[in-house]
Structures are given as structure tokens and as C-alpha cells.
1. With only Lys, Arg, Asp and Glu charged, each at its Cβ (+1 for the first two, -1 for the last two), find how big the charge dipole of segment 1-109 is about the Cα centre; round to the nearest 20 debye.
2. Before I look further, what does segment 113-255 give for accessible area per residue, probe 1.4 Å, in whole square angstrom?
3. Before rounding to the nearest 500, sum -39500 (n - 2.57) across all DSSP H runs of length at least 4 in the chain and divide by the residue total; then give [θ] at 222 nm in deg cm²/dmol.
4. Once you keep just the Cα pairs under 8 angstrom separated by 6 or more residues, what percentage relative contact order results for the chain?
5. Could you work out the mean projected area of the convex hull around the alpha carbons of segment 26-164, in square nanometres to one decimal?
6. For segment 1-70, with all protein chains present and a 1.4 Å probe, just round the carbon and sulfur fraction of the accessible area to a whole percent.
7. Under Stokes-Einstein, with the Kirkwood radius over Cα pairs standing in for Rh, what whole-number D in µm²/s applies to the chain at 10 °C and 1.306 mPa s?
8. For the peptides 170-177, 64-71, 52-59, what is the packing order when you average, over each peptide's residues, the other Cβ atoms within 10 Å and list the highest mean first?
Amino acid sequence: MNAGPSWPTASTRLAAVIGDPVRHSLSPALHNAAFRAVGADWVYVALPVPAGRAAEAVAGMRALGVGGLSVTMPHKSEVARLVDRLSPTAERLGAVNTVVPSGHELVGENTDGDGFVDSLRFDRGIDPAGMRAVVIGAGGAARAVVLALAAAGAAQIVVVNRTAERAGEAAALAGERGRAGIVDDVAEADLVVNATPVGMERTVVDLATAQPVPEELPFPGDLLSPGQVVVDLVYHPTITPLLREARARGAVAVGGVGMLVHQAAHAFRLWTGEEAPLEVMSAVALEALAGLRRSE
Ligand code: NAP
């Protein structure tokens, strides 16, 4: 059990997230609730590790016998070069978000793309197979989504990015079904995914008027139409300006909390070998996000 006055004990296993910043990470709340729910004697902590020190952190994981590691900005690419083996997905992406000990080896995994597809399939009953998808953004999250959509059988994956040359690189992950596109491609899509930070919670105020700056959309809202599925990977706030716009135009709006929970659930299974308590994890994520809003 992972509760009671004598816990943690000498046999409690440790998992952690490394990154910078990590002090607002929701991962400790999610994983500790999951460990408690299944009675696993594990504890999960957040460890701030500045840029350039990932090698020391991974060496520390080996020396200390840490049972599982989550990896976030700015270390995902560097950790991919530090582990002993990569899963095929982590290898294609050149980025690791989960490290799993296996015997004497450390295996690098990337659970973001599977988490994205699971959130569509299991939370919303939406199967991306055969869909024409547009992904806005070409960073780490976008690349994971492009690869996962290709594996899930999407018919076409168009990548639209502020820096055009990065769009082509991300689209190439989908092979012949991928191409770089323009914002107007959104109008023809069945599935639209925002994988940029546009729409994240912020409190920017116009200094001249002292009024909050209007919230942003990653593309013009009039490109959306009824029947489309619109996913915003941004999860803070849980209802973003894009999701509000999508609903107003009759599209199906899917927030980013589901991906957050399902990518964590994959890590949980890889570390513990146990089924992840998804409902508990979702409830904790939503509660923690509501708490963040209240404290702002
Ligand atoms: P990243 O690697 O830094 O990539 C950011 C992408 O957004 C780049 O393509 C960048 O374009 C674009 N971008 C940034 N600011 C922009 C702006 N003002 N206007 C237009 N495009 C802009 O970040 P990431 O790790 O992929 O994360 C992207 C978002 O997804 C973040 O909000 C993150 O919180 C969210 N996310 C959610 C989950 C989840 O579980 N729900 C998981 C991972 C990430 P350039 O190439 O031109 O710089």
C-alpha cells in the first residue's frame, strides 16, 4: 500500500518527471493518484533539471534504480540519445517522453501519439481511420500526432506551420499520405488538430487600455464547419478559444486533457505492468486544472 504513517518504506519504488520548468507539472498528481488507486507501492516526484544536465539525470536514474522517468522540455531529444534502446515510435520522432527500465537497460518510449489517438477513440468514440487531417504546428507534439494518425490509418495528413520548412519535415513522418499545406486546407479537413500553444492561458494586458488582450485562434474560425472534429492539444484552459469557436460552428470539440491522461496511462502501464485507472486519472487532471485557474 502507498499510504499510512510508515509509508514510504524501504521497498517503495520511485518515478519522476525531469524538465525545466516542472513545478507546475500535473504528472505527480496524476501518477500518485493512479498508484494509490491500484494499490501500487510507488511514489512520483517532479525534479527540475536544467538544460544541458539530462545526461547526469539519466546516469542518476541508472545508479538509483528509479523505476520510471517522464521527460519533458527541454530534454526530450537529448534523452533519446542517452538511453540504451528506443521504441520504434521514439526512434522515428527522435524524442523520448518516457524512460522504462528493462533488465539492465533503459528503453526510451514516446507515448504522446498513442495518448492522442486513445483520447479520440476511447473518450469520444472517434476513429481517425480514413479521415483527412490537418495538423497546425510542427513541433514535438505535432510530430507525435502526425506519426500516430498515419499509424491509425488517416487518409491524408496535412501539416500547416508558421515556419513553413518545418511543416514539410513533420509531414514526411506520414510518408505518402503527408504533405505541407496552408491554412485554407482546414476547410477541407475531417479532423483539425491545434498543436501550437496558441490559446494557452495567459494574462496579457494592453498597457494603453489596461484591458486583457483578446484571446487568440490558431487560424480564422470561419474555416470551420459542422461535422468536423476539432482537437486542441492545449489543456490549460480546458475550454480554449478554438474549442469555443468550433462548438459555435457546429463542429465536435475535443480538448487536450484526454491526451494528457492517456499518454500518462501508457507510461503507467509500461512502468508497473498494471492497467491504468483512467477515470481516477481524468478526475485528478480536471481537478488540478481547476485549481490552477483558481490560483491565477
Ligand atoms: P514545440 O515543440 O515548441 O512546438 C510549437 C509549435 O507551435 C511549433 O510548430 C511553432 O511554430 C508553433 N507556434 C508556437 N507559437 C506560435 C504562434 N504564436 N503562432 C503560430 N504557431 C506557433 O511545442 P510542443 O511540445 O509541440 O507543444 C505544442 C502545444 O501542445 C503546447 O501548447 C503544449 O502544451 C501542447 N501539448 C499538449 C499535450 C497534451 O497531452 N495535451 C502534449 C504535448 C503538448 P514554429 O515552428 O514556427 O516555431
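1. That gives segment 1-109 a dipole magnitude of about 120 debye.
2. 46
3. Theoretical 222 nm ellipticity from helices: -10500 deg cm²/dmol.
4. Relative contact order comes out at 15 percent.
5. Orientation-averaged projected area of the Cα hull: 9.9 nm².
6. After summing per-atom areas, the C and S share lands at 60 percent.
7. In µm²/s, the coefficient rounds to 80.
8. Averaged packing, sorted descending, gives the order 64-71, 170-177, 52-59.
The values are calculated or read from the model by the stated rules, or taken from the named source; none is laboratory data. On a predicted model such as this, the values are computed, not experimentally measured, just so you know. Here Cβ is always computed from backbone atoms with ideal geometry, including for glycine, and neighbour counts include all displayed protein chains. Ligands, DNA and RNA are excluded from the accessible area calculation, which covers all protein heavy atoms including side chains. Shrake-Rupley method; radii C 1.70, N 1.55, O 1.52, S 1.80 Å.
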